[in-house]
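These notes are about the structure you will find just below.
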Amino acid sequence: MKPNQIFNIKRFGKYANCSLISNYRQTILFWGAIWFAIFAFTLLDIRNPHSYWNHDGWIPLFLVVFYISGLLYTGFAFPSFRNKKRTLTELMIPVSAFERLLYEFVEKILVFIILYPAIFYISSSMAVGIRNAIPFGAVHTEVNGLTTFPFETISFEKLTANLEPGLFVMLLILSVLGFVVAFAGAATFRKLPLIKTIVVVGLLFLTGIGYVYLLSEKLKFRHPWIELTEHNITEQQGFMIGTTVFAIITLVALAFTYFKLKEKEAS
Amino acid sequence: MIEITNLNFKYGKQANLFDGLSLSEKAGNIVGLLGKNGAGKSTLLKLMTGMLTAPKASIEIMGETPFDRLPRFLKEVYFVPEEYELPASKIGEFVKAHAHFYPRFDSEKLYQILIDFELNTKNSLSKLSYGQRKKFMIAFALSTNCKLLIFDEPTNGLDIPSKAIFRKVVAASLGEDQLVVISTHQVKDVENLIDTLLILDCGQIKMHRTIWDIAEKYAFITVSQLSEGETLYSEVAPGGYKVIKEAQAASTTIDMELLFNAVVNGVNLK
């Protein structure tokens with residue numbers, strides 16, 4: 001097969017354009033909902049005069065909304081596949097499975113990871129600004145005083161301040177892995193993809209844990225490699241091993257998604 | 001253009017829908033694919049377009065295996081299914097998003113057919129009726145100028161004037177290198193349009209002939225009394241019987257419905 005039939009930048013651009021035109025309403029709705037959720041939760045969080053928003057009180061909200069919205073967004077990737085009739089229309093578009101996968105990966109994962117902090121920054125800062133403008137009490141803003149519009153109060157450096165560099169990279173890859181697994185589920189299941197994916201991953205995880213427990217606790221099996229790694233690796237090496245394992249699982253999940261797209265039928 | 005050999009296909013644990021079906025068809029024709037409900041017409045079309053796979057069969061369309069769904073194949077095939085869902089965009093937006101995938105797309109032809117069908121590019125697809133959406137899909141499909149155009153029950157939901165327009169625009173807008181396959185169980189709707197007849201029944205192709213061949217060999221007439229020996233097939237009709245006989249003199253107009261009934265009732269029309 002010619003490489004041109006797997007990927008062609010011009011065709012990919014046409015497909016991106018086509019998908020954006022077809023789905024822009026849902027995309028705007030999704031980002032609008034994220035913006036509103038952050039805005040509303042920020043207002044609720046800072047209504048208490050003793051809110052510690054300016055320290056790192058925003059971090060739990062940032063992470064919770066990030067993971068929940070990210071899983072919802074990626075878990076409902078390939079929106080045409082939720083419906084038999086739209087599946088056929090989608091599969092008839094002259095693009096390759098790889099281009100379809102790449103577009104959804106870029107839109108649902110990369111763009112999300114890049115855009116989310118910006119949306120969070122703007123939305124929560126607007127909420128804090130509005131709260132500060134209301135005369136009954138104000139947010140404690142140590143940095144800029146009570147009435148300052150606090151764009152500066154959110155510093156994303158705080159996200160990584162207390163983390164080892166290796167741990168941060170590992171957690172970032174783990175986040176991408178979570179999204180890619182949800183993404184693979186969206187390509188596999190037509191109805192309730194996210195719930196089904198969580199159930200399948202949960203069962204696989206429990207099976208894995210049960211297997212390790214059976215080997216190590218019941219059968220008292222100790223492989224020499226386990227002994228070696230337990231006592232001879234540094235924390236950084238541990239993070240590197242974790243990062244590598246998560247990256248490999250991410251690639252496997254992406255390959256699985258690709259083959260699911262290749263084999264997709266519109267019955 | 002279409003080469004299918006030894007196609008066996010079934011859904012899950014159901015009985016075989018196709019048993020060793022083989023089919024060959026060249027460009028330049030308008031093929032009417034007729035069959036009863038559940039005969040497998042839509043399934044056959046989906047296999048031709050790569051929407052379904054039959055791993056053990058040899059299916060080649062324009063020299064490609066449809067299920068590979070390569071872009072170079074898909075840009076030469078347009079399939080209008082019986083039921084579909086379109087995005088909630090305007091006609092103009094849909095055209096802008098999809099037309100550039102088809103290298104021979106003809107915008108002028110599209111706008112002319114839309115005018116014929118009394119549709120406007122500012123219409124929102126979500127607000128169109130089922131029949132109007134179908135008309136738009138037919139217009140778009142014809143404008144792609146794809147080498148293989150496939151319509152599954154295209155006249156379902158069309159009003160009477162639109163059915164006539166459909167026949168007119170299909171007949172008028174096709175080139176020599178194109179093949180059109182129209183699946184329908186409304187036989188009357190494709191009379192005077194198709195030039196090749198394909199009748200599918202019980203997992204097999206029961207008839208695959210050109211209209212000229214049929215007209216040359218059979219006479220379709222109405223008689224008041226049945227005469228023994230000459231009649232190949234007959235049906236009661238107002239004032240007598242509709243009859244298929246072997247043609248003897250000038251050709252008659254083909255009664256597609258009568259012919260279809262004869263074939264699916266097992267009459268051997270050699």
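The test for being open to solvent by less than 70 Å² (accessible area, probe 1.4 Å), modelled with pLDDT of 70 or more and aliphatic (A, V, I, L, M) holds for residue A:159. Is there a residue being over 26 Å from residue B:1 (Cβ atoms) and open to solvent by 20 Å² or more (accessible area, probe 1.4 Å) anywhere in the range B:94-103? Within the range B:94-103, one or more residues are over 26 Å from residue B:1 (Cβ atoms) and open to solvent by 20 Å² or more (accessible area, probe 1.4 Å).
All conditions but one from (1) in contact (Cβ under 8 Å) with a residue 24 or more places away in the chain; (2) of a type outside the set (S, T, N, Q); (3) open to solvent by less than 70 Å² (accessible area, probe 1.4 Å); (4) closer than 25 Å to residue A:68 by Cβ apply to residue A:189; the one that does not is (1). In summary, residue B:183 fulfils each of the numbered conditions (1) of a type in the set (Gly, Ala, Ser); (2) on the phi < 0 side of the Ramachandran plot; (3) touching a residue at least 12 places away in the same chain (Cβ under 8 Å); (4) not assigned by TED's automatic domain parsing to the domain that holds residue B:159 with the single exception of condition (4). Summed over the range B:230-240, the residues that are in contact (Cβ under 8 Å) with a residue 12 or more places away in the chain, part of a strand (DSSP E or B) and either charged (D, E, K, R) or open to solvent by 70 Å² or more (accessible area, probe 1.4 Å) (or both) give a count of 1. Looking at the structure I just gave you, is residue B:46 in the same structural domain as residue B:125 (by TED's automatic domain parsing), closer than 30 Å to residue B:211 by Cα and open to solvent by 40 Å² or more (accessible area, probe 1.4 Å)? No; evaluated as a whole, the condition is false for this residue. Under the condition of being open to solvent by 30 Å² or more (accessible area, probe 1.4 Å) and within 10 Å of chain B (Cβ to nearest Cβ), which residue from the range A:22-45 is farthest from residue A:101 (Cα to Cα)? Here the answer is A:25.
Would you check if there is a residue in the range A:48-65 being within 14 Å of another protein chain (Cβ to nearest Cβ) and without any contact (Cβ under 8 Å) to a residue 60 or more places away in the chain? Checking the range A:48-65: not a single residue is within 14 Å of another protein chain (Cβ to nearest Cβ) and without any contact (Cβ under 8 Å) to a residue 60 or more places away in the chain.
Residues that are under 21 Å from residue B:191 (Cβ atoms) and among the hydrophobic types (A, V, I, L, M, F, W, C) within the range B:237-253 comprise B:237, B:243, B:244, B:247, B:250, listed in sequence order. Taking the criterion of being modelled with pLDDT of 90 or more, of a type outside the set (Gly, Ala, Ser) and open to solvent by less than 70 Å² (accessible area, probe 1.4 Å), would at least one residue in the range A:201-209 satisfy it? Within the range A:201-209, one or more residues are modelled with pLDDT of 90 or more, of a type outside the set (Gly, Ala, Ser) and open to solvent by less than 70 Å² (accessible area, probe 1.4 Å). For the range A:78-106, filtering for residues that are open to solvent by 20 Å² or more (accessible area, probe 1.4 Å) and of a type outside the set (A, V, I, L, M) leaves 10.
Identification of helices (runs of 4 or more DSSP H) wholly contained in the range B:45-153 with 1 or more residues that are within 8 Å of chain A (Cβ to nearest Cβ) and on the phi < 0 side of the Ramachandran plot yields B:71-74, B:91-98. Quick one: would you say residue A:99 is within 14 Å of chain B (Cβ to nearest Cβ) and among the charged types (D, E, K, R)? Yes; evaluated as a whole, the condition is true for this residue.
Considering the range B:211-229 alone, what residues qualify as being closer than 23 Å to residue B:174 by Cβ and in contact (Cβ under 8 Å) with a residue 24 or more places away in the chain? Matches in the range B:211-229: B:211, B:214, B:215.
Checked against (1) open to solvent by 20 Å² or more (accessible area, probe 1.4 Å); (2) modelled with pLDDT under 90; (3) under 27 Å from residue B:16 (Cα atoms), residue B:260 passes all but condition (2). If only residues of the range B:33-42 that are more than 26 Å from residue B:99 (Cα to Cα) and touching a residue at least 24 places away in the same chain (Cβ under 8 Å) are counted, the one that is nearest to the other protein chains (Cβ to nearest Cβ) is B:40.
Rundown of residues vs (1) assigned to a strand (DSSP E or B); (2) open to solvent by 20 Å² or more (accessible area, probe 1.4 Å), yes/no style:
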residue: B:193; (1), (2): no, no
residue: B:198; (1), (2): yes, no
residue: B:208; (1), (2): yes, yes
residue: B:242; (1), (2): yes, yes
residue: B:249; (1), (2): no, yes
residue: B:267; (1), (2): no, yes
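Of all the listed residues (B:165, B:160), the sole one being surrounded by fewer than 22 Cβ atoms within 10 Å (Cβ to Cβ), over 21 Å from residue B:7 (Cα atoms) and free of Cβ contacts under 8 Å to residues at least 12 places away in the same chain is B:160.
The values are calculated or read from the model by the stated rules, or taken from the named source; none is laboratory data. None of the values given here were measured: they were computed from a predicted structure. A quick note on method: Cβ atoms are made from the backbone with ideal geometry, for glycine too, and the neighbour counts reach across all protein chains shown. In case anyone asks, the SASA skips ligands and DNA or RNA and just uses the protein heavy atoms, side chains included. Shrake-Rupley method; radii C 1.70, N 1.55, O 1.52, S 1.80 Å.
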